[in-house]
Amino acid sequence: MDLNNIISQLEANNEEEIKTLLKRYNQENSHTFTFDQEEENLHSELCQGLLTALGRQLQSCSQKACLETLRILSRDKRVLGPMATREGMLVLAKLAQLRMHDCEERGDNQNGFQEDTQTEAEERVAIEALKCLCNVVYNSAAAQQVGADVQLARGLCARLHAIRMGHHEVGLFTLRLLFLLSALRPDVRGGLRRELHAVRVLTEVLEHTLDVHWVGQYEAAPPEPQAPPIPAEDNERAMEALKALFNLTLPDPDDEEGDHQLRLIAAIMRHLLLLKTQTEEKTEEAHSHAVNLLSNLPVSCLDMLIDVPVQGGQEEYSGKNMDAVQVMFDFMEKRIDKQGSNYKEGLTPVLSLFTDCCRHHREIRRYIKAQVLPPLKDVKIRPEVGNTVRNKLVRLMTHIDMDVKQSTAEFLFVLCKESVDNLLKYTGYGNAAGLLVARGLLAGGRGETQYSEDEDSDTEEYKSAKPFINPITGHVEELLPNPIEDMTEEQKEYEAQKLVNMIDKMSRQHLIRPMGLRRDGTIAPLDEAVFQPAEDSSGSDSD
């Protein structure tokens with residue numbers, strides 16, 4: 001299509017012709033994401049012409065056509081110059097009906113938004129303008145700076161205050177733009193927390209979207225067993241709100257959000273975990289966002305997951321309600337079983353959350369341990385072989401990704417109350433070696449966390465098999481014939497010398513490095529470990 005013709009019509013201000021040409025261009029390029037580099041200058045000129053036209057009083061349908069074209073062009077990072085300026089951003093923000101600091105200074109009356117009195121055409125214009133702003137902010141660092149300068153976040157928070165029963169996409173793209181700003185601009189994130197109270201605003205959005213009804217200070221009424229799933233549009237807005245809220249609850253040493261607000265978020269996350277969406281895939285996505293957000297909260301707030309007195313709990317876990325914990329456990333197992341999944345992004349957040357929960361909440365640790373590490377009975381099979389949750393997690397202790405390996409090992413270690421002996425019992429020395437080296441616990445012992453007295457005991461089957469368990473592999477091995485049983489002493493000496501020579505050769509070629517154990521349980525090169533000076537005992541009274 002001839003772009004020069006569109007540009008000339010924009011300059012001539014022929015509104016009907018502009019609308020016709022733009023509609024045709026938009027239809028032809030609705031799925032275009034790669035642009036001809038030779039037309040870069042024309043595209044930039046077209047962007048400027050469209051912004052100039054939008055600054056004039058056009059009909060809503062013409063505004064929508066212009067904005068649709070800008071949205072298509074904003075996919076190309078090379079032509080964002082006109083849109084990423086202060087003037088361009090303000091034009092888009094005004095059409096999106098965002099009330100900002102600049103508008104207040106000029107005296108523009110945009111307060112209240114009056115969602116109920118907006119026409120459908122005006123809503124479509126606002127939606128297209130918000131989509132353009134999302135693209136521009138995502139693709140342009142200059143636009144991000146301008147957005148911070150003109151206090152775009154203030155307009156978004158004001159809009160969220162006003163939205164209740166407004167158009168779905170208006171709320172969706174308002175939340176998405178807030179998420180982008182909070183993710184890309186740490187300085188904006190701080191202002192959103194401290195000055196605009198965006199955490200409270202987003203919490204209210206979640207309460208409204210998820211239809212939360214409180215039956216206690218931090219207890220939402222449970223969903224009815226036959227309740228329909230969350231409507232698709234409500235679920236979509238809730239996911240955007242959760243993503244923005246995740247950014248705003250990231251730990252910040254200069255900012256401490258009120259304990260009440262964070263406990264409220266934990267209670268809403270518990271409610272969300274018990275809800276169902278239209279599809280299993282969407283339910284898993286909701287659970288993933290809930291887990292990520294809970295990981296940001298202080299561990300002192302996580303008791304909201306189990307402390308729900310009105311709904312009751314399980315007597316063996318001090319009357320605590322474990323429904324939400326079970327949902328997260330099922331979610332964890334699905335992520336482990338997911339073929340070809342990215343364990344680092346998909347699994348480590350829930351493992352880290354469970355590690356924190358188990359370290360600080362005894363009832364959660366006992367509940368999860370009963371499912372992951374039940375009392376051992378069959379010790380003839382290696383710990384990593386099988387289809388139980390324990391087997392799957394032990395396999396991950398030797399995963400190629402360091403974060404996955406460490407998160408899994410730390411989780412199992414905490415389930416064992418940071419006891420090396422208990423960990424080795426369930427995993428074997430070989431699987432646990434990485435964690436023990438990192439913790440300096442190769443010589444045994446415990447971690448630093450204090451736990452209650454052990455509440456479980458070994459089974460009779462384990463006690464009888466314990467003397468025969470190979471501590472490296474963690475299972476009872478079949479007895480193999482002794483390969484040197486029929487050798488003469490000379491043959492044994494020859495094989496031993498041959499082994500020494502092979503080790504010496506590989507050591508000198510730096511293929512292996514013999515290591516030893518220091519007194520503090522850490523490993524070191526063999527000569528350092530063997531000849532480590534004894535501790536100074538000059539202050540002792542003994543001879």
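The values are calculated or read from the model by the stated rules, or taken from the named source; none is laboratory data. Predicted, not measured: the structure shown is a model, and the values here were computed from it. Note: ideal-geometry Cβ built from the backbone for every residue, glycine included; neighbour counts use all protein chains shown. What goes into the accessible areas is simple: the full protein's heavy atoms, side chains included, and nothing from ligands, DNA or RNA. Shrake-Rupley method; radii C 1.70, N 1.55, O 1.52, S 1.80 Å.
Remark on Gly516: its backbone amide H falls under 5 Å from those of Ala524, Leu526, Ala529, a criterion applied only to residues 5 or more positions apart or on other chains, H modelled at 1.01 Å from N. About its Cα centre, the dipole of the chain is roughly 540 debye, where the only charges are +1 on Lys and Arg Cβ and -1 on Asp and Glu Cβ.
State which entries of Lys276/Lys320; Lys338/Lys417; Lys243/Lys405; Lys334/Lys425; Lys19/Lys94; Lys276/Lys380 exceed 32 angstrom in Cα-Cα distance in the structure shown.
Exceeds cut-off: Lys276/Lys380.
Round to the nearest 10 and give me the degree value, 0 to 90, for the angle of helix 489-508's Cα axis relative to the longest principal axis of the chain. Long axis of 489-508 versus the principal axis of the chain: about 30 degrees.
In straight-distance terms, cross-link reach from Lys77 covers every one of the lysines whose alpha-carbon lies under 16 Å from its own, apart from those fewer than eight places away in the same chain; here that gives Lys131. Amide hydrogen proximity for Gln314: with H placed 1.01 Å from N in the peptide plane, the residues at 5 or more positions away or on another chain lying under 5 Å are Gly319, Lys320, Asn321, Met322. Just the protein heavy atoms count here, and of the accessible area of the chain at 1.4 Å, carbon and sulfur take up 49 percent. If you take the square roots of the eigenvalues of the alpha-carbon gyration tensor of region 155-197 and sort them as a ≥ b ≥ c, do you get rounded (a/c under 1.5), prolate (a/b over b/c) or oblate? Oblate, since a/c reaches 1.5 and b/c is not below a/b. Normalised by 2.2 N^0.38 Å, where N counts its residues, the alpha-carbon radius of gyration of region 266-425 equals 1.03. For region 358-409, just say rounded, prolate or oblate: build the C-alpha gyration tensor, square-root its eigenvalues into a ≥ b ≥ c, call rounded for a/c under 1.5, and beyond that prolate if a/b exceeds b/c, oblate if not. Oblate shape, in that a/c is at least 1.5 and b/c is the bigger or equal ratio. For the chain, the equivalent ellipsoid built from the Cα gyration tensor has semi-axes of 60, 30, 22 Å, listed from largest to smallest. For the Cα atoms of the chain, what angle does the longest principal axis make with the long axis of helix 120-139, in degrees from 0 to 90, nearest 10? Between the helix axis and the principal axis of the chain, the angle is about 50 degrees. The mean accessible area for residues of region 222-341, using a 1.4 Å probe and ignoring ligands and nucleic acids, is 46 Å² per residue.
Its DSSP H runs of at least 4 residues, each contributing -39,500 (n - 2.57), put the calculated 222 nm mean residue ellipticity of the chain at -18000 deg cm²/dmol, to the nearest 500. Across all C-alpha atoms in region 368-513, the radius of gyration and Dmax reach 18.8, 56 Å.
For region 142-154, putting each phi into the Karplus relation 6.51 cos²θ - 1.76 cosθ + 1.60 with θ = phi - 60° gives couplings of 5, 5, 5, 5, 5, x, 5, 5, 8, 6, 4, 4, 4 Hz, in residue order, rounded to whole numbers and with x for Gly and Pro.
Over all Cα atoms in region 382-422, the spread is summed up by Rg and Dmax: 10.1, 26 Å.
For region 261-327, the Kirkwood radius over C-alpha pairs fed into Stokes-Einstein at 4 °C and 1.567 mPa s yields D = 104 µm² per second. The angle separating the long axis of helix 259-273 from the principal Cα axis of greatest extent in the chain is about 90 degrees. The value of relative contact order for region 350-504, using C-alpha pairs under 8 Å at least six residues apart, is 26 percent.
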